[in-house]
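Engineer: Here it is, the structure in full.
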Amino acid sequence: MSYSSPSKLLTMITVLVMLAMSMTMVQGQGTRVGFYSSTCPRVESIVQSTVKSHFQSDQTLAAGLLRLHFHDCFVQGCDGSILIDGSNTEKNAVANGGLRGFEVIDDAKKQIEAVCPGVVSCADILALAARDAVVLSNGGSWAVPTGRRDGRVSSASDVNNFPSPSDSIDVQKQKFADKGLTTQDLVTLVGGHTIGTTACFFFSDRLYNFNGTGRPDPSIDPTFLPQLKSLCPNRVGGLNRVALDNGSEKSFDNSWFSNLRSGRGILKSDQLLWTDNSTNTFVQRFLGVRGLLGLTFSVEFGKSMVKMSNIGVKTGSDGEIRKICSAFK
């Protein structure tokens, strides 16, 4: 093959580099799409049907499965360590209180073991289930790279630097950067709060005593404040649940970003994404604000999920393939 000019050669090299970068984004660290195509070709359909069955009984499990995957990846990497039972495991760390969806993963694993024993990791089942949960909530789909192996360590003491609702933007950005994720990834992934709920005790200080002032957080829409106070009475009702995306908590869409713009973000860490200049631009791009290059939330969410799902993965001979997701082999 010959090129008539250096510029054409440079263009071809650029295209090849971009192709390689896109493949790295989908593959990443030893995982790849279709890893089980010959060893367990039904794995994705089994996970999908299992998630759908549980979702039809309880739609709130969608947010639970997405959060479960996120919590798994941010501690010890995406290795299924969040699934291990035990008094001192990640599952029982304070930051992981209220996690749900374990029974869905156990159910899928049992069905997969019946047809492909000792082949599919719990970490991969969790990654697939998170994607399927988003799709069932009317979100977009994405190709999930597989090939992760399960970790052999799960300790509550390792859950000591997890993103918190009280984190400043700088702290949030640093915690995500430590995992190889960008500021855009931060805004995109936290956008997963478009489905699900949170407990009042995570944000009630914003309603009654923001930063010790004895007054509400001024960034809250004053017309929204009475509704929040009725849902979270002062000093009581700390365990009451409130939708993270007011008015659209069961649909995976970009309305959560609209709520941030309107001062209706629930968690302090969420609302800061609008008020801080370094993250506000990405929120506006998801909203399609004129004059800015738009971003499509469903597309970008899939890209960021692929990046997140490759954090610290164990592949090859590292780790193990559990027979039961809640116990080491």
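The values are calculated or read from the model by the stated rules, or taken from the named source; none is laboratory data. Given the structure is predicted, the values throughout are model-derived calculations rather than measurements. All Cβ positions, glycine included, derive from the backbone under ideal geometry; neighbour counts span all protein chains shown. For the accessible areas, the whole protein counts, side chains as well, though only heavy atoms, and no ligand, DNA or RNA atoms are used. Shrake-Rupley method; radii C 1.70, N 1.55, O 1.52, S 1.80 Å.
Engineer: Looking at 191, 151, 180, which one is touching a residue at least 12 places away in the same chain (Cβ under 8 Å) and on the phi > 0 side of the Ramachandran plot?
Structural biologist: Only one candidate qualifies: 180.
Engineer: Within segment 274-283, can one find any residue that is modelled with pLDDT of 95 or more, of a type in the set (D, E, K, R) and under 25 Å from residue 130 (Cα atoms)?
Structural biologist: No, segment 274-283 contains no residue that is modelled with pLDDT of 95 or more, of a type in the set (D, E, K, R) and under 25 Å from residue 130 (Cα atoms).
Engineer: Also: I'd like the residue in segment 38-56 that is within 22 Å of the chain's Cα centre (by Cα) and of a type in the set (Gly, Ala, Ser) and, out of all such residues, is surrounded by the fewest Cβ atoms within 10 Å (Cβ to Cβ).
Structural biologist: Selected residue: 45.
Engineer: Further question on the same structure: How many residues does segment 279-318 contain that are part of a helix (DSSP H, G or I), among the hydroxyl-bearing types (Ser, Thr, Tyr) and closer than 19 Å to residue 77 by Cβ?
Structural biologist: The qualifying residues number 1.
Engineer: Tell me whether segment 270-291 contains one or more residues that are over 21 Å from residue 173 (Cα atoms), surrounded by 14 or more Cβ atoms within 10 Å (Cβ to Cβ) and touching a residue at least 40 places away in the same chain (Cβ under 8 Å).
Structural biologist: Checked segment 270-291: no residue is over 21 Å from residue 173 (Cα atoms), surrounded by 14 or more Cβ atoms within 10 Å (Cβ to Cβ) and touching a residue at least 40 places away in the same chain (Cβ under 8 Å).
Engineer: Please state which one of 166, 141, 155 is out of contact with any strand residue (DSSP E or B) (no Cβ under 6 Å at 6 or more places or on another chain) and either modelled with pLDDT under 95 or crowded, with 22+ Cβ neighbours inside 10 Å (or both).
Structural biologist: After applying the criteria, what remains is 166.
Engineer: Counting residues that are at pLDDT below 95, which helices (runs of 4 or more DSSP H) fully inside segment 1-80 reach at least 2?
Structural biologist: Hits in segment 1-80: 6-26.
Engineer: What is the residue count in segment 190-240 for residues that are under 18 Å from residue 169 (Cα atoms) and in contact with a Ser or Thr (Cβ under 8 Å, 6 or more places away or on another chain)?
Structural biologist: Residues in segment 190-240 being under 18 Å from residue 169 (Cα atoms) and in contact with a Ser or Thr (Cβ under 8 Å, 6 or more places away or on another chain): 2 in total.
Engineer: Taking the residues in segment 234-250 that are of a type outside the set (Val, Ile, Thr) and open to solvent by less than 50 Å² (accessible area, probe 1.4 Å) as candidates, determine which candidate is nearest to residue 267 (Cα to Cα).
Structural biologist: Restricting to residues being of a type outside the set (Val, Ile, Thr) and open to solvent by less than 50 Å² (accessible area, probe 1.4 Å), the top hit is 244.
Engineer: Failed condition for residue 98, given (1) open to solvent by less than 40 Å² (accessible area, probe 1.4 Å); (2) of a type outside the set (D, E, K, R); (3) in contact with a strand residue (DSSP E or B) (Cβ under 8 Å, 6 or more places away or on another chain), with all others met?
Structural biologist: Every condition holds for residue 98 apart from (1).
Engineer: Sticking with this structure for a sec: Could you tell me how many of the residues in segment 157-189 are within 16 Å of residue 72 (Cβ to Cβ), among the basic types (Lys, Arg) and part of a helix (DSSP H, G or I)?
Structural biologist: 1
Engineer: Any residue in segment 235-249 that's free of Cβ contacts under 8 Å to residues at least 24 places away in the same chain: show its pairings with residues that are outside any strand (DSSP E or B) and open to solvent by less than 70 Å² (accessible area, probe 1.4 Å) at Cβ separation under 8 Å, as long as the two are six or more apart or on different chains.
Structural biologist: That search, which allows pairs on different chains as well, returns 246/224; 246/259; 246/264; 246/266; 247/255; 247/259.
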